[in-house]
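Report on one structure; see the data block that follows.
The values are calculated or read from the model by the stated rules, or taken from the named source; none is laboratory data. All of these numbers come straight from a predicted model, not from anything done at the bench. Quick reminder, even Gly has a Cβ in these numbers, built from the backbone with ideal geometry, and neighbours come from all protein chains shown. With ligands, DNA and RNA removed, areas are computed over all heavy atoms of the protein, side chains included. Shrake-Rupley method; radii C 1.70, N 1.55, O 1.52, S 1.80 Å.
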Amino acid sequence: MAVTRSTIKPMTTHSAPTPSVPPQGASVETGLESLAATGVQFTVIDAIRNNRPFTPAVHETILEQDAIVEVKDFSLHYGPSKALHNISMPVPRGKVTALIGPSGCGKSTLLRSVNRLNDLIDSVRVTGEILLEKSPVYAPNVDVIELRKHTGMVFQKSNPFPMSIFENVVYPLRIDGEKRKSVLKDACERALRGSALWEEVKDRLNESGLSLSGGQQQRLCIARAIAAEPEVLLMDEPCSALDPIATLRIEELINEISKRFTVLIVTHNMQQAARVSDYTAFMYLGRLVEYGPTAEIFQNPRLPETEQYVTGRFG
Amino acid sequence: MTHADPHNQPQKRPRRTPLAARGEPMVWLTGACLSVCLLMIAGLLAAVLVQGSVTFWQPRIHQFTVADGSVVMGVPVREEAYDAVGEELAAIHAARDAGALPDGSLHADGRPIRRLYRVGNREVYGEPFRWVSLYTIQNFETPARATLLERREWGVWVGMPQSVVREDLRPAPAEGEAFEAEGFATIEGEGGARRVERAVVQTPDGPRLRERVFIAEGPDAALSALQRLLPQALERWRRIHHLNQAAIGEINHELERERLRHREVELRHAEGRVTDAALGASLARRDARLAELREEYRHVEAEVAEIDREDARWRFVIVEPTHGRFAPVRQTEPDEFMRLSQIVRAVPANDLDLAGRLGVYFSRWGEFLGGQPREANTAGGVFPVIFCTVLLTILLSIVVVPLGVIAALYLREYAKQGLIVSAVRVAVNNLAGVPSIVYGVFGLGFFCYTLGRYIDAGPTVVWPKSNWLLGVVGLLVLTAGAVVAGFLARPVPGQPVARRARILAWSGGLLWLGAVALLVALFARSPFFHGFYRARLPSPTFGAKGLLWSALTLALLTLPVVIVATEEAISAVPRTLREGSYGCGASKWQTIQRIVLPRAAPGIMTGAILAMARGAGEVAPLMLVGAVKLAPELPFSSRFPFIHVERSFMHLGFHIYDVGFQSPDSEASRPLAWTTTLLLIVIIAVLNLTAISLRARLRRRFVTGAF
């Protein structure tokens, strides 16, 4: 596994930032037409197109793992439109799990459902459940603020707050009411070392977080996300706005971080998924299509749709 | 057919792109429009700057003889060509044909030119300004030692100084006893003999022998003696002024306080809350205190009288050229020389070099900025006006900024975006377009006459005590119900809003409305509140024009500006920042407090600047709710609580209107109106620049680095 991650050099320099909820439109249709030309039978995609039930191909090795997050029969609506369709998947503890799929397939939505960031949108309705450490995330008595403290999040575009580097990193502790200078300092150093930024910024912790370069800003955001020692780190296309070198550093960082945290990462870039993740889930039009160890998904997928997608023939 | 069908011919393309297509005319049009705007603004500013800054420049004093043979001395103000008619026109033509017209007395179009002279000397001439046709001027000169006196009252005096006189009143000689009417005396410290005049005069205390010692005679000696003696005279005037204002003001204040204290006891006695004995004690205490204060008053009065006697000895003789009359101490006593202390500034305009002129110029500016207004605002300074204007602006900012920001926060962050919020937003935007005088009427009706009167005298109609207490219970029930309903109606994220929750939410809102209405009613009908200032009635304290009500009215007027600017600033905070904060586990309020507000601060500052600028320049509502021509007691004093928000005040905007259009002497006050305008513009510019630099400093924190 580790060999796969490190031997493949980044190929795609820059993938266009994708909106988290794009309209399901022309690009998907074109993908299907090109598929039809290959002459292979695509039963799952046919089922999805015709809204027929189907069983996603979930590899058995995953089910044997200890799951930290369990998604069970989870559906999500934005107002009248359904964005996620009965998704069931466990996320193994201490591993990197990648969500891949074409734009608008609901991978970001699924990711943001784990820490209930979708609550910010008024029209969101959910059914089914997501368990974090065996406790339901969507139970009525759940303290959302507490939940989000257990799930750090890194966003597509780096979003350092308009404050000093130090304050950026200790933000989760500050809002938790932590005032002891020594605790804050320790947490700041630990988090910055964890995000491989300490050596670069240790002498200018009081400068604005916005004075850093793009890649540094994203690592600052990662430091912020891990400062509160979350159980799961959610990453929503963390490299999509970065140049190749910054991307490489973030990917190396993800490898480091995965030793301490469970990482769930959404990526638009299949090479990146192949490089950084232990497990990969392929989603399409709000459904889970195939989910298994990354090596199998990329080298020996069970469904022809997955093969077509990971080899870049549609999507 | 050699000619083909024209429709089949390939269309000939024009060789050049048409002008309209290239868009050059639009560049010209937009550029021209901007130029017009800039020219108007620059023209206005230039006019204000030039007119406002020449006000205090002292031109030379002219003296000449006019057609009727009388001598005129005055300061030129401006010139204009006018249409001469009848005999005058014939006379001009005759003189022109005879070649007897001086150069420059006719305009290029043949009309005669006249010049406005400030001649002053209102007691003698009646009119302090006089138009003089240039062709009538003869024997023109700018005499040395001609002096313009700025006096504390009755405007300027233009004339030739003659002497400085020391006057003493001595006991009148017995009937028939002879005295030396003229003679010479040696004055201590003055050196040499001085001419002395003696006469018996009638005073309120009976006949007295008045002895006038001419300390300095002749223009040169008089002027130098004046320069030497004037500081002492000013000091005496200041002393009297201080005693009258501060010491007697303090005694009056104490008198009033004692009267009010006793009046309050009387009112309580009438309500049966104070015993007869206590009332008697209060009365005795009041009388004792009043006697004490009257004694103090007599002391101060005696002190003032003593200084005034000394002050009355020092006189100045300055003679106007037309009738040869000297400046009198007051119009009703034309035979008495004016006192030295009546002079604010003596300007021998024709003897001044550039440095001297500049000295006069800046001395006048100093008086303007730091002094009190004189002569119905046509002279003197505007310090209290500046102070009140700045105070008002600060007060209104203190009120409007928090109110507007909090309201905008609710509208943008907490309220569910829907029809009602949109309606509120449209209403707020429309408020910005309501004519400001409407706010003035509202402020007068609501703040002054309703709220102010309530503070003064308490409610006019009261509920019986039992009903009122029942109302308090009802208020508690309503509030508790509203809180419970709101709590139960909280939406569950991810779940559709239940019908039950919707009904609960609505009823919670209605309960809040009811609770607030009941709270207001309880205040308005309280049987336990009798007002804070009822002893002072019927004269109002808060129930009249005042600084506080003006600040509140202007706050209301500028509220839409702040709300709109804040809403825009808040909504411009990137969503990614909020999500980042939520993702760290921050609650909504923590996100607002730590991320949204700091990030929106420059935009909020912009709104505050706009509100301040609008508020500081507003006049119409202030005429109704607070600004007066001359505030007898300014809203600040050395007495606790230092800022008296219930008092009326003076305002630069209103001052411009008053000086420019309500002045008894419009020619004299015209330059001052320009200068006051200049000052108002400068003050607003300074306020704005301060706020802008503050905003720039805030903004610098959010400048992104690389990327």
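Among A:Lys179, A:Lys95, B:Lys465, the sequence by solvent-accessible area, most first, with a 1.4 Å probe is A:Lys179, B:Lys465, A:Lys95.
Think of the range B:1-142 as a dipole: +1 on every Lys or Arg Cβ, -1 on every Asp or Glu Cβ, centred on the Cα centre; then among B:Gly86, B:Gly31, B:Ala100, B:Gly31 lies furthest on the positive end. Projecting the Cα atoms of B:Gly514, B:Gly155, A:Val310 onto the dipole axis of the protein assembly as shown, where Lys and Arg carry +1 and Asp and Glu carry -1 at the beta carbon, places A:Val310 farthest toward the positive end. Surface composition of the range B:365-484: carbon plus sulfur atoms hold 77% of the accessible area, using a 1.4 angstrom probe and ignoring ligands, DNA and RNA. When you restrict to C-alpha pairs under 8 Å that are six or more residues apart and normalise by the size of chain B, the relative contact order lands at 13 percent.
Which helices of chain B meet both criteria: a Cα extent of 20 Å or more along the helical axis and a mean Kyte-Doolittle score no lower than 1.0, with helices taken as whole DSSP H segments? Walk me through the numbers on the way to the answer.
Numbers: long enough: B:24-54 (44 Å, 1.78); B:219-242 (33 Å, -0.53); B:248-270 (33 Å, -1.33); B:276-313 (55 Å, -0.83); B:354-370 (23 Å, 0.35); B:383-409 (39 Å, 2.66); B:465-488 (35 Å, 1.69); B:499-524 (38 Å, 1.38); B:547-571 (34 Å, 1.69); B:597-617 (29 Å, 0.80); B:666-700 (50 Å, 0.82).
Passing helices, by number: B:24-54, B:383-409, B:465-488, B:499-524, B:547-571.
Burial annotation for the range B:548-593: residues with an accessible-area loss of at least 20 Å² between the isolated chain and the complete set of protein chains, computed on heavy atoms with a 1.4 Å probe, are B:Arg575, B:Thr576, B:Leu577, B:Glu579, B:Gly580, B:Tyr582, B:Gly583, B:Cys584, B:Gly585, B:Ala586, B:Ser587, B:Gln590. Placing dummy labels 7 Å off each Cα toward the beta-carbon, the span from B:Asn467 to A:Glu189 is 7.3 nm.
Sorted into 5 angstrom bins from 0, the C-alpha pair distances of the range B:62-141 split as 3, 15, 24, 25, 18, 10, 4, 1, 0 percent. B:Trp674 contributes an accessible area of around 80 Å² to the protein surface, as traced by a 1.4 Å probe with all chains present. Here the range A:130-240 was treated as a single set of alpha-carbon atoms; its pair distances binned every 10 Å from 0 give 15, 45, 29, 10, 1 percent. Calculated accessible area for chain B comes out at 54 Å² per residue, all protein chains present (probe 1.4 Å; ligands, DNA, RNA ignored). Distance distribution P(r), the range B:156-347, all Cα-Cα pairs, bin width 5 angstrom from 0: 1, 7, 11, 14, 13, 12, 9, 7, 6, 5, 5, 4, 3, 2, 1, 0 percent.
What is the percent carbon and sulfur in the accessible area of the range B:624-707, measuring with a 1.4 Å probe over the protein chains and ignoring ligands?
On the way: 2920 of 4390 Å².
The value for the range B:624-707 is 66 percent carbon and sulfur by accessible area.
Our coupling estimate for the range B:447-458, obtained by passing each phi through the Karplus curve with A = 6.51, B = -1.76, C = 1.60 and θ = phi - 60°, is 5, 5, 7, 9, 5, x, 5, 4, 5, 5, 10, x Hz, Gly and Pro reported as x. Mean residue ellipticity, 222 nm, helices only, chain B: the sum of -39500 (n - 2.57) across DSSP H runs of n ≥ 4, divided by residue count and rounded to 500, is -17500 deg cm²/dmol. Karplus-derived 3J(HN,Hα) values for the range A:61-68, using 6.51 cos²θ - 1.76 cosθ + 1.60 with θ = phi - 60°, are 4, 5, 5, 7, 6, 6, 8, 8 Hz; glycine and proline are entered as x. Peptide A:155-165 is shielded by partner chain Cβ atoms: per residue, an average of 5 of them sit within 10 Å of its Cβ.
How high is the FRET efficiency between B:Glu310 and B:Arg697 when r is their beta carbon distance and R₀ equals 60 Å, given to the nearest 0.05? Don't jump to the answer; show the numbers that get you there.
On the way: r = 57 Å, r/R0 = 0.94.
Given R0 = 60 Å and the Cβ-Cβ separation, E is 0.60.
Between B:Glu24 and B:Thr65, full extension at 0.36 nm per residue minus the direct alpha carbon distance yields a gain of 8.4 nm. Interface of A with B. Using a 1.4 Å probe and counting protein heavy atoms only, the two chains hide about 2700 Å² of accessible surface, both sides summed.
FRET efficiency for B:Glu175 and B:Thr322, Cβ-Cβ distance as r, R0 = 45 Å, nearest 0.05? Working shown, then result.
Details: r = 40 Å, r/R0 = 0.89.
Once rounded, the FRET efficiency stands at 0.65.
Extension gain, B:Ala355 to B:Asn429: 0.36 nm times the residue separation minus the Cα-Cα distance gives 21.1 nm. Taking Cα centre as origin and charging only the Cβ of basic (Lys, Arg, +1) and acidic (Asp, Glu, -1) residues, the dipole magnitude of chain B rounds to 5140 debye.
When all protein chains stay in place, what accessible area (Å², nearest 10, 1.4 Å probe) is found for B:Cys584? Its accessible surface works out to 10 Å², give or take rounding.
Mind ranking B:Val54, B:Val385 by accessible surface for me, highest first, 1.4 Å probe?
On the way: B:Val54 80, B:Val385 0 Å².
Putting B:Val54, B:Val385 in descending order of accessible area: B:Val54, B:Val385.
Its Cα centre serving as origin, the range B:62-141 has a Cβ charge dipole (Lys and Arg +1, Asp and Glu -1) of approximately 260 debye. From the Kirkwood radius over Cα pairs of chain B, Stokes-Einstein at 20 °C and 1.002 mPa s returns a whole-number translational diffusion coefficient of 65 µm²/s.
For B:Lys588, the solvent-accessible surface with a 1.4 Å probe is about 80 Å², rounded to the nearest 10.
Only Cα pairs under 8 Å and 6+ residues apart enter the sum, and on that basis the relative contact order of the range B:62-141 stands at 39 percent. Summarising the amide proton neighbourhood of A:Leu212: residues at separation of 5 or more, or on other chains, whose placed amide H is nearer than 5 Å comprise B:Gly705.
Across the range B:121-130, coupling constants 3J(HN,Hα) worked out from phi with the 6.51/-1.76/1.60 Karplus curve, θ = phi - 60°, read 6, 4, 4, 9, 8, x, 9, x, 10, 8 Hz, and Gly and Pro carry x.
Would you compute, from DSSP H runs of 4+ residues alone, the mean residue ellipticity of chain A at 222 nm, taking -39500 (n - 2.57) per run and dividing by the full residue count, rounded to the nearest 500? Don't skip to the end; give the middle numbers.
Values: 15 runs with 122 residues, N = 315.
Calculated mean residue ellipticity at 222 nm is -10500 deg cm²/dmol.
Remark: the protein assembly as shown is approximated by an ellipsoid whose semi-axes, taken from the C-alpha gyration tensor as √(5λ), come to 84, 42, 27 Å, largest first. Computed with the Debye formula from one identical point scatterer per Cα of the range B:105-251, without solvent, the log10 of I(q)/I(0) at q = 0.08, 0.16, 0.17 Å⁻¹ comes to -0.42, -1.13, -1.18. The magnitude of the dipole of the range B:156-347, with charges of +1 and -1 set on the Cβ of Lys/Arg and Asp/Glu and taken from the Cα centre, is near 540 debye. For chain A, relative contact order (Cα pairs under 8 Å, six or more residues apart, normalised by length) works out to 29 percent. Both the radius of gyration and Dmax for the range B:349-451 are 23.7, 77 Å, in that order, over alpha-carbon atoms. Select from A:Ser88, B:Pro76, A:Leu197 the residue farthest towards the positive end of the dipole of the protein assembly as shown; place +1 on Cβ of Lys and Arg, -1 on Cβ of Asp and Glu, and compute about the Cα centre. Farthest along the dipole direction, towards plus: A:Ser88. Amide hydrogen proximity for A:Leu99: with H placed 1.01 Å from N in the peptide plane, the residues at 5 or more positions away or on another chain lying under 5 Å are A:Ile265, A:Val266, A:Thr267, A:Ala281.
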